[in-house]
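Novice: Right, I'll just put the structure down here and ask away after.
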Amino acid sequence: MKTQAAKVIETKTSPETSTTAGSYLEALHLVERLHRRLLDVIKDEFERRDRGDVNSVQALLLYNIGDKELTASELRTKGYYLGSNVSYNVKKLVEAGYLHHARSKTDRRSVRISLTEKGRAVHDIIQALYDKHARTIQPIGGISDDDFSRLNLALGRLERFWTDQIRYRL
């Protein structure tokens, strides 16, 4: 009598699974590299503008906050920030004048953050960069709307799969 675990182990060695495993690992590496490359693109944009006052991680954080007012913990739980040192970067951005922070009126333990005018200027730089990319990615990068539709569908499914792994401990 085979257990469920034995059946899973057996399917791991099938040719289809090994192809999927290779593709999955390649996708993981690409996602990781793409995020680092995005940070490099943002860094390059700020260097071109002679803006060394904010790093690429902080600029992306400011962009993702946008018009919202959030708590620091919401930055991570809602996916606006990918690092583990969110409190460090929030503190630095408050000190540098990019973020307002104020205690919540309803819960004094909670601190709400939002962009200052200085933070809004960084947000606008990133927005302009993304707008330029959106205009030029098809003619220069050769990536069509259809390509992005398929990519976004697959990435959305991957995110759901990972979320289910965490929620349901699969």
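The values are calculated or read from the model by the stated rules, or taken from the named source; none is laboratory data. Quick caveat, the model's predicted, so the values are computed rather than measured. Using ideal geometry, Cβ is built from the backbone for each residue, glycine included, and neighbour counts are taken over all protein chains shown.
Novice: Tyr81 versus (1) touching an Asp or Glu at 6+ places or on another chain (Cβ under 9 Å); (2) surrounded by 15 or more Cβ atoms within 10 Å (Cβ to Cβ); (3) under 26 Å from Leu34 (Cβ atoms): which is the lone unmet condition?
Specialist: So the condition that Tyr81 fails would be (1).
Novice: Report whether or not Leu28 is of a type in the set (A, V, I, L, M), under 20 Å from Leu155 (Cβ atoms), exposed (fewer than 11 other Cβ atoms within 10 Å of the Cβ) and modelled with pLDDT of 65 or more.
Specialist: In short, no.
Novice: Please indicate, with yes or no, whether at least one residue in the stretch 100-116 is surrounded by 15 or more Cβ atoms within 10 Å (Cβ to Cβ), more than 28 Å from Asp131 (Cβ to Cβ) and aliphatic (A, V, I, L, M).
Specialist: yes
Novice: Here's something else I'd like to know. If Leu93 meets every condition in (1) over 21 Å from Glu45 (Cα atoms); (2) in contact with a strand residue (DSSP E or B) (Cβ under 6 Å, 6 or more places away or on another chain) apart from one, which number is that one?
Specialist: In the conditions (1) over 21 Å from Glu45 (Cα atoms); (2) in contact with a strand residue (DSSP E or B) (Cβ under 6 Å, 6 or more places away or on another chain), Leu93 misses (1) alone.
Novice: Let me ask something additional. In the stretch 92-129, what count of residues is obtained for those that are touching a residue at least 24 places away in the same chain (Cβ under 8 Å) and among the hydroxyl-bearing types (Ser, Thr, Tyr)?
Specialist: 4
Novice: Right, here's the next one. The conditions are (1) touching a Leu at 6+ places or on another chain (Cβ under 7 Å); (2) among the polar types (S, T, N, Q); (3) touching a residue at least 40 places away in the same chain (Cβ under 8 Å), and Asn89 fails exactly one of them. Which is it?
Specialist: The one condition Asn89 does not meet is (3).
Novice: Still on this structure, please answer the following. Just to check your reading of the model, which residue among Asp67, Asp50 is exposed (fewer than 12 other Cβ atoms within 10 Å of the Cβ) and in contact with a Leu (Cβ under 8 Å, 6 or more places away or on another chain)?
Specialist: Result of the check over Asp67, Asp50: Asp67.
Novice: Do we have Arg33 as more than 27 Å from Leu151 (Cβ to Cβ) and at pLDDT 95 or above here?
Specialist: Working: more than 27 Å from Leu151 (Cβ to Cβ): no; at pLDDT 95 or above: yes.
Spelling it out, it is not the case that Arg33 is more than 27 Å from Leu151 (Cβ to Cβ) and at pLDDT 95 or above.
Novice: Let me ask something else. At negative phi, surrounded by 10 or more Cβ atoms within 10 Å (Cβ to Cβ) and of a type in the set (Lys, Arg), is that true of Arg76?
Specialist: yes
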